[in-house]
Every structure is written in C-alpha cells, then in structure tokens.
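Taking it in order: structure first as structure tokens, then the write-up.
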Amino acid sequence: MPDKYEPKPDDRSDNAEKIENMIHDTLENMDEAEETMEFSSGQEKEQIKAKNKRRQESVKGMRQEMKDEADQ
C-alpha cells in the first residue's frame, strides 16, 4: 500500500503557461484600475497608482521566472 503522505512528483511542464496567464491577468487588472482612476478621488487615485506600481514589479518578476522556466 503506497504511503498516503508521499509527495507528488514535481511536474513543471506547464509552469511557463501558468506564469504567462498570471502576467496576462495582472496586466488586465492594471488596465481596469487605470480606467477606474477616471472616477476616483485624489486618495483613491494614489492608492491605485501604488497598487499598479506593485503590479508592475510583480510582472517584472514573473517575466524573469518565465524566462528561467524556458531555460530549463
């Protein structure tokens, strides 16, 4: 009987595709946030700008991770 606590094998075959989807979703969220800024107050605009800046950093990291996955 197999050990029920045995870890699953490492399957990285679709990591690049998953990362690409996450990048796409993040960029869409950034676009939607930009559109929302038209109807936002000063403080809300600053919060949206800060969040989009963090999203840009995330996308940068995800692109590097996708490159690393492609290199393997």
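Yes or no, residue by residue, for (1) touching a residue at least 40 places away in the same chain (Cβ under 8 Å); (2) hydroxyl-bearing (S, T, Y); (3) open to solvent by 100 Å² or more (accessible area, probe 1.4 Å):
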position	(1), (2), (3)
D10	no, no, yes
N15	yes, no, no
E20	yes, no, yes
L27	no, no, no
D31	no, no, no
S41	no, yes, no
E46	no, no, yes
N52	no, no, no
R55	no, no, no
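One residue stands out in segment 57-70 among those that are among the acidic types (D, E) and surrounded by 14 or more Cβ atoms within 10 Å (Cβ to Cβ): the one that is modelled with the lowest pLDDT, namely E69. Kindly provide the set of residues from segment 23-38 that are out of contact with any helix residue (DSSP H, G or I) (no Cβ under 6 Å at 6 or more places or on another chain) and either of a type in the set (A, V, I, L, M) or on the phi > 0 side of the Ramachandran plot (or both), ordered by number. L27, the sole residue that qualifies.
The values are calculated or read from the model by the stated rules, or taken from the named source; none is laboratory data. This one's a predicted model, so the numbers in the text were calculated from it and none came from an experiment. We place every Cβ from the backbone using ideal geometry, glycine too, and count neighbours over all the protein chains shown. All accessible areas refer to the heavy atoms of the entire protein, side chains included, with ligands and DNA or RNA removed. Shrake-Rupley method; radii C 1.70, N 1.55, O 1.52, S 1.80 Å.
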